[in-house]
Structure formats: structure tokens, C-alpha cells
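This report concerns only the one structure given below.
The values are calculated or read from the model by the stated rules, or taken from the named source; none is laboratory data. All of these numbers come straight from a predicted model, not from anything done at the bench. Counting neighbours? That spans all protein chains shown, and the Cβs are built from the backbone with ideal geometry, glycine included.
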């Protein structure tokens with residue numbers, strides 16, 4: 001019997017929830033490791049399942065009884081009554097023998113590991129030492145509480161932002177890209193015309209313009225506010241670094257430019273003004289029509305000098321898919337790289353089958369998730385490491 005990925009993840013989540021209901025502490029990292037382990041074994045082999053779960057999910061000796069009970073209930077829930085009973089009644093490990101003192105060690109102060117086992121030792125729950133920040137980074141935005149959302153917003157402004165760069169046509173002194181004959185001959189005059197030192201120069205590098213188009217329709221409402229915080233933090237940091245080529249737009253049923261608003265230092269004031277400025281918040285979605293407005297009115301102004309375009313949307317579209325495909329092709333040809341950020345891409349088993357995404361996918365250079373803080377960190381790393389597209393003129 002074979003299981004699909006969705007069914008396998010469903011069994012993993014169900015078993016982990018049963019452990020947590022018994023009072024055991026299981027972190028998201030342990031759950032992910034357990035899921036990867038089950039990909040290598042048969043889930044209907046009770047012995048392999050037991051040892052895979054025990055080695056990845058059990059961190060405290062005193063939880064063995066709870067773990068065994070949860071294991072038994074889980075197999076009964078699957079309808080598989082027969083499983084090795086000896087797995088649930090494992091004998092504890094024998095105590096270590098006392099080591100005899102070696103010659104020359106008489107009167108030595110015993111180490112902490114060699115002290116009597118009768119003395120009470122503090123129990124350290126290593127599962128609880130897992131960083132709360134790491135747990136928060138892995139949690140989906142739509143599953144966060146208000147306190148967690150506020151903590152996530154603070155973490156956004158602590159990101160290390162390094163804007164992607166492009167090579168310009170201007171040259172600068174030093175470097176090893178090409179020979180600077182004029183400067184070499186000028187220096188040769190000091191040595192009676194002898195070319196003692198050959199000067200070289202290289203191309204200058206400048207930050208690439210970033211253009212963000214964020215979907216604020218009803219289906220994106222759970223993510224839109226956090227993503228606007230991300231765009232505000234990104235715009236603010238770019239401005240501090242002297243980069244003023246960050247353009248931000250929102251779209252639902254119409255296109256709205258919010259570039260100047262997001263450059264305000266106060267995030268509360270910026271987002272409050274965005275809420276008043278955007279008239280189609282939590283409404284419908286017409287991606288093709290909004291991209292048409294952008295290509296017609298703004299593309300020539302903001303897509304010069306090898307710009308990178310970020311389209312942030314889940315792809316649910318009420319417009320004409322043929323129009324969307326046409327405008328996406330036009331947009332991709334006008335920019336250096338077109339990146340589509342989809343919050344649903346981080347959902348296990350998700351497939352981009354909506355008619356909007358089916359029409360847009362052939363013209364997307366990078367299709368990335370944007371559902372938690374880890375995905376935003378990954379986006380920052382992708383932007384930093386972007387290279388020239390083969391055959392691109394930008």
C-alpha cells in the first residue's frame with residue numbers, strides 16, 4: 001500500500017498531536033525530521049515506525065510511558081490492532097558500573113558524572129531550549145496570534161538587507177577587468193616613456209531598482225498587512241543605504257502606487273495612510289487588468305536600469321486569463337527578472353492549478369513561497385545572489 005505526500009504528512013501531524021495531547025513537548029524541527037524519516041520507511045511497518053518516531057520525537061526518559069501509550073492508540077486508530085508488544089515494554093538501560101580509581105587518582109575530587117546516583121540531578125528538557133525565534137520564523141502568518149504577529153514585525157526590521165547590484169557602463173579606477181591605456185601612458189611619462197606599470201579599471205556597480213506589486217484582495221487579507229510591513233522595512237533600509245529606486249504598488253481591482261507612503265519612518269503612520277489610499281482593499285482580484293495599467297502607465301518610468309519585479313499574490317483571479325498571460329509576457333520582457341511570491345506555495349501538497357497562475361507561470365523567472373519569516377529571509381538571500389539572466393540586455 002502506498003501513501004501520497006499529503007496522506008503521509010497527515011499521519012505525521014496526527015501522531016505528533018497525539019504526543020502533545022499526552023503532555024510531551026515536540027518542536028516543529030523534530031516534526032520535520034520525523035516526516036523526512038518516514039519518507040525512507042514503510043509507515044505500515046510498526047517496528048520501523050516506532051523506532052523512527054522514538055529517535056526523532058522522544059527527548060526525555062520520563063516520557064517513555066506516554067510515548068508508548070500514544071503509539072498504541074495511534075495504531076488502533078489506523079485499524080491495525082497487531083503490533084509488537086515488546087516495543088511497548090522495553091527494559092530500562094542497566095546502570096553504569098562504578099569505575100575503579102586508577103593509580104595516582106587516590107584522593108581525587110570525583111567528577112560530576114561520577115557522583116552518586118542517589119543525589120538528585122536537575123532534569124533539563126532539551127526540547128524547550130529550542131529558540132522561540134526559530135519557532136516563530138517557521139510559523140505561517142495566517143496561524144499567528146496578534147502577539148506573534150507583533151514579534152514577527154519586529155524581526156522584519158532586524159533583517160540584513162543587501163540590495164542586488166548591476167554592472168554599469170561607467171568605469172572606475174583599479175580592478176582587473178580591462179586595461180586603462182590613457183592612465184598607463186600618463187604614468188609612463190615619469191619613467192621616460194617606459195610602461196613600468198600597466199593601470200587597469202573595471203565597471204562600476206549600482207543597486208538594481210526593485211518594483212513590488214502586492215495583492216490586497218480578499219483572499220490575500222491574512223498575508224497582506226504583514227507583507228506591507230516587509231515592503232516598508234525593505235524601503236526604509238534601502239533609503240538609509242542611499243538607494244531610492246524602490247517602487248511599491250498594490251492591486252486588487254485597480255492599481256495604486258504607495259511608494260512615497262512606505263518611505264515614511266513611522267510604520268503605523270505609513271500603513272494607516274495606505275489603508276486610506278487603497279480603495280480596493282479586501283475586494284476582488286483582476287490581475288491582468290492591473291498589470292495592463294502598470295505596463296501602460298508606469299513600466300517606462302520604473303523598469304529601467306535592469307529592475308527586478310516582485311509580484312506578491314496567491315493567483316486567484318477573476319479576470320481574463322488571456323489578458324493576464326499577455327501582460328505577464330510584456331512585463332517579463334521589460335524587466336531583468338520577474339519573481340512571483342505566493343503564500344500558498346508553503347502549504348504541503350499545494351499545486352498552482354488556478355487559471356491565473358496557469359496563464360502566468362510560463363513567464364515567471366522565480367516562483368517562491370512567502371508564508372512565514374523564513375521564506376522572507378530566503379527571498380532576501382535570493383535577491384542578493386541574483387545574476388544576469390542569460391541573453392538579457394539589462
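Look at (1) closer than 19 Å to residue 211 by Cβ; (2) touching a strand residue (DSSP E or B) at 6+ places or on another chain (Cβ under 8 Å) and you find that residue 299 fails only one, number (2).
In segment 315-347, what residues are assigned to a loop (DSSP other than H, G, I, E, B), crowded, with 22+ Cβ neighbours inside 10 Å, at negative phi and touching a helix residue (DSSP H, G or I) at 6+ places or on another chain (Cβ under 9 Å)? 317, 335, listed by residue number.
The set of residues in segment 348-364 that are part of a loop (DSSP other than H, G, I, E, B) and either modelled with pLDDT of 95 or more or out of contact with any helix residue (DSSP H, G or I) (no Cβ under 7 Å at 6 or more places or on another chain) (or both) comprises 351, 353, 354, 364. Restricting segment 178-194 to residues that are surrounded by 13 or more Cβ atoms within 10 Å (Cβ to Cβ) and touching a strand residue (DSSP E or B) at 6+ places or on another chain (Cβ under 8 Å) leaves a set whose member that is nearest to residue 307 (Cα to Cα) is 180. Residue 306 satisfies every condition listed in (1) at negative phi; (2) surrounded by 16 or more Cβ atoms within 10 Å (Cβ to Cβ); (3) under 25 Å from the mean Cα position of the chain (by Cα) except (1).
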